[in-house]
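J.: I'd like to ask some things about the structure below.
Just so it is clear, none of the values below were taken in a lab; they were calculated from the coordinates. Nothing here was measured: the structure is a model prediction, and the numbers come from that model. Cβ placement follows ideal geometry from the backbone for every residue including glycine, while neighbour counts extend to all protein chains displayed.
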Amino acid sequence: MLAAWRTVAQRRQCPRAPALLAAARHLASQTAAASTQSASVAAEVPSSSSGSEPSARLLSSSQQPEERMDFPGGSVPFTAAMSFLGGTFSPRAPLPCYRTIDSAGLAIADADIPHELDQETAVKMYKTMVTLQTVDVIFYEAQRQGRFSFYMTSSGEEATAIGSAAALTNDDVIFSQYREQGVIMYRGFSVQDMAHQCFGNIHEQGKGRQMPIHYGSKALNFHTISSTLATQLPHAVGAAYALKLQKRNACAVAYFGEGAASEGDFHAALNFAATLKAPVVFICRNNGWAISTPATDQYRGDGIAGRGPGYGMASLRVDGGDARAVYNATAAARKIAVEQQVPVLVEAMSYRSGHHSTSDDSSRYRAAEEMRQWRARDPVARFQRWLVDQGWWSDAQDTSARQEARRDVIKALETAQKAPKPPLSAMFEDVYARMPWHLEKQQAEVFAHVRTHPDACPADIPVK
Ligand SMILES: Cc1ncc(C[n+]2csc(CCOP(=O)(O)OP(=O)(O)O)c2C)c(N)n1
């Protein structure tokens, strides 16, 4: 040990070398005295104790690596140099952003493509993007006309949702935030299903008890969306851990925004996932804004991907506007999660091109020029260009796909709007097998109130 310290002090030309060497000599003499003692104590350790057990590590100085601190949380080397890591002391270059097609949609020649898209998958992805764009435009307008109460578009982020969804299997369990409608659509949730949910009619499994856009489907392995940010992240870890215990060939996939990543649940989820080695793929949509809070006010480190290594988790940053890159990144992350039974973090860099929701006006807090620049990099147009270059898509196909999507969306809205609403009593159902006394009491009070104040209940909700 003494020799090691001398080498360290000399190599670093440390001005405190004489003091360090004196301290080392003192330590060495103490260690020599202690080793005589510990040899006798070590003799008392039962012979069944293995060298890796804490008691043996502490007691046998001869086994203790002198140049490292061996403790229950790991083994770290000692250093006589004091240097802070990160922050203002050693700013690191940002993690680069993996992409396979450029902002104009041209393929990048030397890009890593471990999972190349086949024509059928690529065309399905693009058609879903076209439908998603059409749904977003028409549903947004329908909300503005007062036909239902709330809507959120995913404009600018279509490639993140659909590129990742295409790389998963139907056995993978999805926990999304609220802006990944492309994921559930790709899995088979129809435009009609979406319209029923937004209108909260009798065809909707939630029976109108949730706000619009809170989709969910047991059949599609897609957990119902919760408005409360980041609550889905610990749930996803629990589900992933269950998949691990069941030895299933599947993972959980958790989507969230960079704003949600400031919640405590994000940190709890990542640490649990890492320590439990839960097969979960975390996909962050870093779209630059959390309502009016810019990403620059959300963190000081290297975005969200930069946090992964701190949790001991493989992390990747990907261009969220490049559907082919997102597909490859998710397929690779899924492979790691399922084969190695560990979590993986993916940060998809994108931009929220629309307002946060129908309750927001983003022109109040961000520059028109910023929005114009990002809209010019439209992920759907980029992917279309790549598809055309592959010879897999044409302008004529595009026109007809968009016309068909428009017809479907308008029809779905009309059908959903005409469908009856669930009765008032539905509000009290489905939580308990037998309604407890306090809910019975509340239900009676609601009905009594509506009888005396008929205007308190919307006219299209049957009072029964
Ligand atoms: C726990 C919690 N806090 C605050 C809110 C209010 N809120 C709703 S959306 C949102 C912004 C979230 O931004 P981000 O996670 O980046 O997703 P984005 O909307 O940009 O897709 C906030 C603060 C909430 N729903 N839940």
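J.: Sorted from largest down, give the three principal axis spans of the alpha carbons of the chain, whole angstrom values.
T.: 89, 64, 44
J.: Would you grab the residues whose amide H sits under 5 Å from the one on R317? Only those 5+ places off in sequence or on another chain, please, with H modelled 1.01 Å from N.
T.: Residues meeting the amide H criterion: Y98, E347.
J.: Counting only residues 5 or more places away or on other chains, whose amide H sits under 5 Å from the amide H of I101 once H atoms are built in the peptide plane?
T.: I108, A325
J.: While we're on this one: Using the basic label-point model (7 angstrom from Cα toward the beta carbon), what is the T275 to A314 distance in nanometres?
T.: Result: 2.3 nm between the two label points.
J.: Here's another thing I want to ask about it. Taking 8 Å as the Cα distance limit and 6 or more residues as the minimum spacing, I'd like the relative contact order of the chain as a percentage.
T.: Worked out over the chain, it gives 18 percent.
J.: Kyte-Doolittle cut-off -1.0, length cut-off 27 Å along the helix's own axis using Cα: show which whole DSSP H helices in the chain pass.
T.: TM-like helix candidates: 17-42, 119-144.
J.: Could you pull out which residues in the range 340-367 have an amide N less than 17 Å from a spot 7 Å beyond the Cα of R144, following the Cα-Cβ vector?
T.: So the set is 353-364.
J.: For G301, what is the net charge nearby, where nearby means another residue's Cβ is under 11 Å from its Cβ and Lys, Arg count +1, Asp, Glu -1?
T.: Here the count lands on +2.
J.: What is the gain in length, in nm to one decimal, between A456 and S425 on full extension, counting 0.36 nm per residue of separation less the C-alpha to C-alpha distance?
T.: 9.7 nm
J.: When the Karplus curve 6.51 cos²θ - 1.76 cosθ + 1.60 is applied with θ = phi - 60°, which whole-Hz ³J(HN,Hα) does each residue of the range 419-435 get, with x for Gly and Pro?
T.: With coefficients 6.51, -1.76 and 1.60, one gets 5, x, 8, x, x, 4, 5, 4, 4, 9, 9, 6, 8, 10, 5, 10, 4 Hz.
J.: In the chain, if the dipole is taken from +1 on Lys/Arg beta carbons and -1 on Asp/Glu beta carbons about the Cα centre, which of P422, H355, L270 is farthest to the positive end?
T.: My answer, from the dipole projection, is L270.
J.: Among bridges DSSP assigns within the chain, what percent are antiparallel (round to 5)?
T.: Of all bridge pairs located within the chain, approximately 25 percent are antiparallel.
J.: When a/c reaches 1.5 or more, the comparison of a/b and b/c decides; with that in mind, is the range 270-349 rounded, prolate or oblate per its Cα gyration tensor?
T.: oblate
J.: Right, something else. If amide H atoms are built 1.01 Å from N in the plane of the peptide, which residues on other chains or at least 5 residues away come under 5 Å of the amide H of S149?
T.: Sorted by chain and number, the residues that satisfy this come to none at all.
J.: Please give me the summed charge of the neighbours of M152: other residues whose Cβ is under 15 Å from its Cβ, Lys and Arg +1, Asp and Glu -1.
T.: Cβ neighbours under 15 Å give a net charge of -3.
J.: Related question: From the phi angles alone, apply the Karplus equation (6.51, -1.76, 1.60; θ = phi - 60°) to the range 72-82 and give each ³J(HN,Hα) in whole Hz, x where the residue is Gly or Pro.
T.: Listing the rounded values in order: x, x, x, 10, 10, x, 7, 9, 8, 8, 10 Hz.
J.: Another question about this same structure. Give me the extension gain from M435 to Q246: residue separation times 0.36 nm, minus the current Cα-Cα distance, reported in nm with one decimal.
T.: 64.7 nm
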